[in-house]
Amino acid sequence: MKTINKVIRIILIYFSYFLLFFSCKAEGRDNIKEKKNVVSEDSITIRQNPIQENELWYFYDISHYPVLDLKGIEREKLKKEIKTYTIELKENHIFISNSCSNIEYVNLRKKSLNYFTNQDNLERYSNVLSNEGIELLDSINIIRSALPEEECNYPFGEIIKIDNFLIVLYEGYLVFFSKEKLPDNFTDEYNKLSSVSLPIDYDLIDFFSRY
C-alpha cells in the first residue's frame, strides 16, 4: 500500500512539472508575439527603408512661395545659388556636390504630422506643395545621415522624399530635385516664352463675337 501511494505521489509530481513546463513555454510564445507586434508598430516611424541604389538627382525647381516668410531674400537669387547642386545616392551612401561626400544615410518613414510637429506647420507645407502640384500624404520619407556628427552641410541635413522628388528647405523656400535632368536653358526659354505678347487678331475676335 505504501508503495502504491509513493508511486502516485511521484506521478503527481511529474504531472505538475509537465503542466508547469508547457505553461512557461506558452507564456514565452506570447511574449515573443507581443515583442514582434511592438517592433512592427515602431517600424512605422524608425525603420530603415533603403532607396533604390545608384540614383542621381538634379535640381528641378524652387517653390514659387516660401514656407517661411523670410524678408529680403529673392527667389531667383536663391535659385541661381542652388541649381548647380546634385544629390547622389549610392550603396547606402550620399554624395552632394559642395556639401558632403560618402556619408552613410538612413531612410526613415515618418508620420507627416509628427515630422512637422504641429498642424499649423503641416498645413503650411501642404499648401506650398499643393501649389507645386504635389500632395502631402499622411507619411513621408526622411533621408539623413546615420551619424548626426557626419551630417551634410545646410540645407541637406535632412531631405524629404515625396513622390518622385527630393525636397530640402532652403532660406524659407522648398527646393525640388528630380532624377530627370532639365536642359540648362530650360528656365530661360520658359521665361522668354511666358513674357512674349502674341499679336491680337481683332478681325478674328469680331468674327467670333457675332455668334
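Details
- With all protein chains modelled, accessible area of Tyr173 [1.4 Å, Å²]: 30 Å²
- Cross-link pairs exceeding 29 Å in C-alpha to C-alpha distance, out of Lys110/Lys179; Lys77/Lys111; Lys71/Lys110; Lys161/Lys181; Lys80/Lys110, comprise Lys77/Lys111; Lys71/Lys110; Lys80/Lys110.
- The convex hull drawn around the Cα atoms of segment 89-136, when projected onto a plane and averaged over every direction, covers 4.8 nm².
- When you count the other C-beta atoms within 10 angstrom of each residue and take the mean per peptide, 156-165, 130-139, 61-70 line up highest first as 156-165, 61-70, 130-139.
- Working from the Cα coordinates of segment 68-182, the gyration tensor eigenvalues give, after taking √(5λ), semi-axes of 22, 19, 14 Å in decreasing order.
- Overall, the accessible surface of segment 94-173 at a probe of 1.4 angstrom is composed of carbon and sulfur to the extent of 40 percent.
- Amide H contacts of Ile162 (H built 1.01 Å from N, under 5 Å, at least 5 apart or other chain): Ile167
- For Ala146, the residues whose modelled amide H falls within less than 5 Å of its own, excluding neighbours fewer than 5 places apart on the same chain, are Glu104, Tyr105, Val106.
The values are calculated or read from the model by the stated rules, or taken from the named source; none is laboratory data. What you see is a predicted model; the values in this text were computed from it and never measured. Cβ coordinates were reconstructed from backbone atoms using ideal geometry, including for glycine residues, and neighbour counts include every protein chain displayed. Protein only, heavy atoms only, side chains kept; ligands, DNA and RNA dropped before computing areas. Shrake-Rupley method; radii C 1.70, N 1.55, O 1.52, S 1.80 Å.
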